[in-house]
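The values are calculated or read from the model by the stated rules, or taken from the named source; none is laboratory data. Note that the structure is predicted; figures quoted are calculated from it, not measured. Cβ placement follows ideal geometry from the backbone for every residue including glycine, while neighbour counts extend to all protein chains displayed. When the accessible area is computed, the model is the full protein with side chains, heavy atoms only, and any ligands, DNA or RNA have been set aside. Shrake-Rupley method; radii C 1.70, N 1.55, O 1.52, S 1.80 Å.
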Amino acid sequence: MELFDTLRAAADPARAEPMAAYMRHRFPYLGIPTPERRRLSRPFLQALGKAPLDWDFVATCWGEPEREFQYVGVDYLAGVKARLTPADVPRLAGLITSKSWWDTVDGLDAIVGDIARRYPVVNDTLLAWSTDDNIWLRRAAIDHQLLRKTATGTDLLERIIVNN
C-alpha cells in the first residue's frame, strides 16, 4: 500500500526507540512524530474519506506491527466518524480490545462517543462495557463523553462511574 510505503520511507530509528520506551515497549515504532505522520497521511486519508467506508483499511492498519499504523487507522475513523452507526460499534470494540493502550483507546472512545451522541441506543452498550472484564472497554465507557462539556449526559456518566 502506497501510504504504508510512504510512512516506512519516513522512518526515523533514532526517534523510534524513545517513542517505544514512552509506551513501555508495548509496540514498535517507525519514529514518525504525529505532525509529520498526519502531514504524510493527509492526501491518502482525504482520498479514502471520499470512498465508501473501508474497514479493510482499518484492519490492515491494525495488522501492521508499528504503532503509527494504528494511529493512521484512528485518524481515518475520526475523519469518517459522521458515517459510522451503531452497527460499527462491535468493530470499534474489537479495535479497543486489540493492541490496547491508552494512546489508541482514547482516540477510539471519542469516535464511539460521537456515535452514542447521535444514536442514544449505544448507551446500553456503553453501560455493558462499564462492567466488562476488559479494562480498555471500561475506559472507553468512562471517557466517551470527555469533550462534550455542558452536553455531558451526567446520569449516564454517574451510572458508568458507579459501575467502576
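When Lys50 is tested against (1) open to solvent by 10 Å² or more (accessible area, probe 1.4 Å); (2) at pLDDT 95 or above, exactly one condition is not met: (2). If the condition is being closer than 17 Å to Ile32 by Cα and open to solvent by 20 Å² or more (accessible area, probe 1.4 Å), then segment 75-112 contributes Asp75, Asp103.
Considering segment 137-153, and only residues there that are surrounded by 11 or more Cβ atoms within 10 Å (Cβ to Cβ) and either among the β-branched types (Val, Ile, Thr) or in contact with a Cys (Cβ under 7 Å, 6 or more places away or on another chain) (or both), the residue that is modelled with the highest pLDDT turns out to be Ile142.
Could you please find all residues in segment 62-76 being out of contact with any Phe, Trp or Tyr (no Cβ under 9 Å at 6 or more places or on another chain) and not charged (D, E, K, R)? Hits for segment 62-76 are Tyr71, Val74.
The single condition among (1) in contact with a helix residue (DSSP H, G or I) (Cβ under 8 Å, 6 or more places away or on another chain); (2) under 21 Å from Ile96 (Cα atoms); (3) open to solvent by 40 Å² or more (accessible area, probe 1.4 Å) that Ala59 does not meet is (1).
Yes or no: Pro28 open to solvent by less than 80 Å² (accessible area, probe 1.4 Å), within 20 Å of Asp103 (Cα to Cα) and either free of Cβ contacts under 8 Å to residues at least 60 places away in the same chain or in a helix (DSSP H, G or I) (or both)? So Pro28 passes the test. For segment 62-74, the candidate set comprises residues that are surrounded by 21 or more Cβ atoms within 10 Å (Cβ to Cβ) and hydrophobic (A, V, I, L, M, F, W, C); within that set, the residue that is nearest to Arg139 (Cα to Cα) is Val74.
Residues in segment 1-18 that are part of a helix (DSSP H, G or I), under 23 Å from Phe57 (Cβ atoms), open to solvent by 40 Å² or more (accessible area, probe 1.4 Å) and not β-branched (Val, Ile, Thr): 4 in all.
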